[in-house]
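The values are calculated or read from the model by the stated rules, or taken from the named source; none is laboratory data. Note that the coordinates shown come from a computational prediction; the quantities given were computed from them, not determined experimentally. Glycine also receives a Cβ, built like all others from the backbone with ideal geometry; neighbour counts cover every protein chain displayed. Surface accessibility is based on the protein's heavy atoms, side chains included, excluding ligands, DNA and RNA. Shrake-Rupley method; radii C 1.70, N 1.55, O 1.52, S 1.80 Å.
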Amino acid sequence: TGDLVKYLPDGNLVYLGRLDNQVKIRGFRIELGEIESALREHSSLRDVLVIAREDEPGRRRLVAYLVSNGYGQPDVSELRGCLKSRLPEYMIPSAWVWLDALPLSANGKVERKALPAPEVVARNDADFAQVPRTPVETILARIWGDILRLEHVGVHDNFFELGGDSILSIQIIARARREGLKLTARQIFQFQTIAELAEVAAEIGGGAADQGPVIGDVPLTPIQHWFFDRRLVESHHHNQAWMLRLRPDIGADAAANAIDALVRHHDALRLRFERTENGMRQFCAAVEQNDVLRVVDLADVPDTVLERNITAVASELQGTLDLGRGPLLRAAYYNAGPTRHPYLFMVIHHLAVDGISWRILLEDLGLLLVAETGPKIELPPKTNSFQAWSRRLGEYAKTEPIMRQAEYWQEVTARARQPLPRDYESDENSAGSTEIVKVTMSEADTSAILRELPAVYHTRIDDVLVTALAQVLCRWTGDETVRIDLEGHGRQHDFDDIDLSRTVGWFTCLYPARLRIRPGDGPGEALKSIKEQLRKIPANGSGYGLHRYGYCDTSVSTTLAANGQSEFAFNYLGQFASSGKSEGLFNVVRGLNGASVSPCQHRSHVLDLTGSVLGNSFEFQWRYSNQLHARQTIEHLASEYVAELLALISHSKRLDAGEFTPSDFPKAKIDQKRLDRLVKSIREKKP
């Protein structure tokens, strides 16, 4: 029946209340009786019932059913105001339904199944969402909605609980800049709601980046040092590429003009490299007229072999980039005939671009194609150059906060690495032997990872993904600890005079993490533990490369080099739109790019896992060498990984799941056990 009772020694039953009177919405435990009790104090109400409804999958909200005492209905805003004086925002219903009487069953209990669904849900759909109240809040709400792909965003919604991550925060900053607002990544992490962020957002003023072409030497960044230290056989063939299906009216000239404008505007696309006696030199070449676009006529090619021909040209271009003379970008325009869409292929060497850079470039490409086919549109102003960033990084390496990290990184890498189990005894680990096991998750499970788990455990998305990975790898190796390399986007530094929100380049930071899964830990305990371990990594790992490649103390660099790198790498790439559409001008096509990496190259890790959200679903790709592992081994790991994620989702729905961890209260000197006791006493309302 849903009633909670207990037996007395004499055999009688004592009614204690309803089992479903406590609910969890977006991580908050809510006693429905508290809301009902507060509402009943209003003199205009005769009866009240508050329940949690889920009329749309994944959209659970509080609904209040009200019965007037016959002397008029109070305004909902009045009721909300009364509740606000007594209850937190997340306990205020987001929908209100007036009834003549509550529907009752034959035994006099409320017939909950007979309660009508709210006709209009003013969102408020997220329980504590509110409409923007100022121009700045209105701008930020619109930007958040676009970036997070949500129809409604309230000013008290939490960015990370809506599915936001550090990569999306960069896009938020770039969009805000176009709207005349200046934000930093640190502010988005510190002020996680629109209401809070609007208070610290500043108007764009002076001190903008130089808009002229950048020319001259550019110090290598740590990730570029890592690349050249590998001494790859065909270092020119290590690229990132996209294939786009264009709108039929976009011709070759429009595509060529757009590509040329990208190269002129984004200085990193003109980088060059040469080996000298003092090591590798990087410099930015002057703007010059380069014929980077090839026009390919496939008008007479039958449909049955069209994609094969497209891929063949892409594969050829992948191997033609020249690090010394340039260009680092090549493109192909495919004329597929009057009845088929044209294609545009773009390949850029990884030394000049990363995942966030591609988001910038594709957005700019859309703007440029609009300008070619319609009204004139200018690209947004440049932010600080890759050159300025690299120089500042060298200065930053000498500061006390970075120097203090030396001991931490030596300790993390000091212990001998636990080799990953292998199926075959072989030293072959080339790109040519690479195979991929790909798994996807349902939209519902993806939504739970993006929006429900962060709210329940006060975590970020990568905390969840790394927790599941650590559980799988520790079980596979039989060790309580595992060392993996983590990749970050590398743009998290907040220098007051450096803005990278629209800067193209390779900013990635790669750093080791030693993670421990305690025996017997369930899903919730494991997640809280890994979350705390990740929070202890200084500066999100960005200092490791500075120590590893001699920006700081060369003796520390020697020690870290001797300790080697991990055999496993993990990278969360963030969220991508389902179709990659840009103003209807193009959409992304997968599977036609050819090989982005030379098959002769030695792979940097034994295994690597990348995760991304494509459209509305998580996709995980496990890359391995078929000379080291059997496919069934990797398929088993991939299956276990998804199972661990599903276990975390299932556990998060329990009423006793979640809680805070010490890193949620950085100024409080408290451990997990004391914090758990404190939270429990508050929940039970004990002094």
query = Can you name every residue in the range 436-458 that is out of contact with any Asp or Glu (no Cβ under 8 Å at 6 or more places or on another chain) and either among the β-branched types (V, I, T) or open to solvent by 60 Å² or more (accessible area, probe 1.4 Å) (or both)?
reply = I436, E443, A444, T446, I449, V456
task = Can you tell me which residue within the range 230-239, out of those that are open to solvent by 50 Å² or more (accessible area, probe 1.4 Å) and in contact (Cβ under 8 Å) with a residue 40 or more places away in the chain, is farthest from G594 (Cα to Cα)?
result = R230
message = With the condition being touching a residue at least 12 places away in the same chain (Cβ under 8 Å), closer than 19 Å to Y641 by Cβ and in contact with a strand residue (DSSP E or B) (Cβ under 6 Å, 6 or more places away or on another chain), I'd like the helices (runs of 4 or more DSSP H) fully within the range 431-499 carrying at least 2 qualifying residues.
response = 443-447, 461-477
query = Restricting attention to the range 489-538, which residues are closer than 22 Å to Q190 by Cβ, surrounded by fewer than 22 Cβ atoms within 10 Å (Cβ to Cβ) and out of contact with any helix residue (DSSP H, G or I) (no Cβ under 7 Å at 6 or more places or on another chain)?
reply = D496, D497, Q533, K536, I537
query = Which ones in the range 144-175 are modelled with pLDDT of 80 or more and either open to solvent by 30 Å² or more (accessible area, probe 1.4 Å) or acidic (D, E) (or both)?
reply = D146, Q171, R175
Long-range neighbours under 9 Å by Cβ, at least six apart or interchain, first residue free of Cβ contacts under 8 Å to residues at least 24 places away in the same chain within the range 137-149, second of a type in the set (G, A, S) = L148/G163; L148/G164
key: Check on T633, within 30 Å of E428 (Cα to Cα), of a type in the set (S, T, Y) and in contact (Cβ under 8 Å) with a residue 24 or more places away in the chain   = yes
note = Of the residues in the range 533-550, those that are under 24 Å from the mean Cα position of the chain (by Cα) and hydroxyl-bearing (S, T, Y) come to S542, Y544
Qualifying positions in the range 416-430 - part of a loop (DSSP other than H, G, I, E, B), open to solvent by less than 60 Å² (accessible area, probe 1.4 Å) and either under 30 Å from S542 (Cα atoms) or hydrophobic (A, V, I, L, M, F, W, C) (or both) = L420, P421, N429
message = Looking at (1) open to solvent by less than 30 Å² (accessible area, probe 1.4 Å); (2) touching a Lys or Arg at 6+ places or on another chain (Cβ under 9 Å); (3) at pLDDT below 85, which one does V121 not meet, given that it meets all the others?
response = (1)
query = Restricting to strands (runs of 3 or more DSSP E) lying wholly in the range 259-365: which have 2 or more residues that are of a type in the set (F, W, Y)?
reply = 329-335, 343-349
query = Just one of the numbered conditions (1) open to solvent by less than 30 Å² (accessible area, probe 1.4 Å); (2) polar (S, T, N, Q); (3) touching a Lys or Arg at 6+ places or on another chain (Cβ under 7 Å) is not true of Q601; which one?
reply = (3)
request  = Would you mind stating whether G615 is touching a residue at least 24 places away in the same chain (Cβ under 8 Å) and at positive phi?
outcome  = yes
inquiry  = Tell me yes or no: at least one residue of the range 76-84 is on the phi > 0 side of the Ramachandran plot, open to solvent by less than 50 Å² (accessible area, probe 1.4 Å) and of a type outside the set (V, I, T).
reply    = no
note = Picked from the range 382-415 (must be open to solvent by 80 Å² or more (accessible area, probe 1.4 Å) and part of a loop (DSSP other than H, G, I, E, B)), the residue modelled with the lowest pLDDT is R415
remark   = Output for Cβ contacts, cut-off 6 Å, separation at least six or different chains, first residue more than 25 Å from V214 (Cα to Cα) in the range 273-301, second among the hydrophobic types (A, V, I, L, M, F, W, C) and in a loop (DSSP other than H, G, I, E, B), reads L298/A336
ask   = Can you tell me which of L102, L45 is at pLDDT 85 or above and in contact with a helix residue (DSSP H, G or I) (Cβ under 8 Å, 6 or more places away or on another chain)?
value = L45
inquiry  = So, L473, is that one open to solvent by less than 10 Å² (accessible area, probe 1.4 Å) and more than 30 Å from Y90 (Cβ to Cβ) or not?
reply    = yes
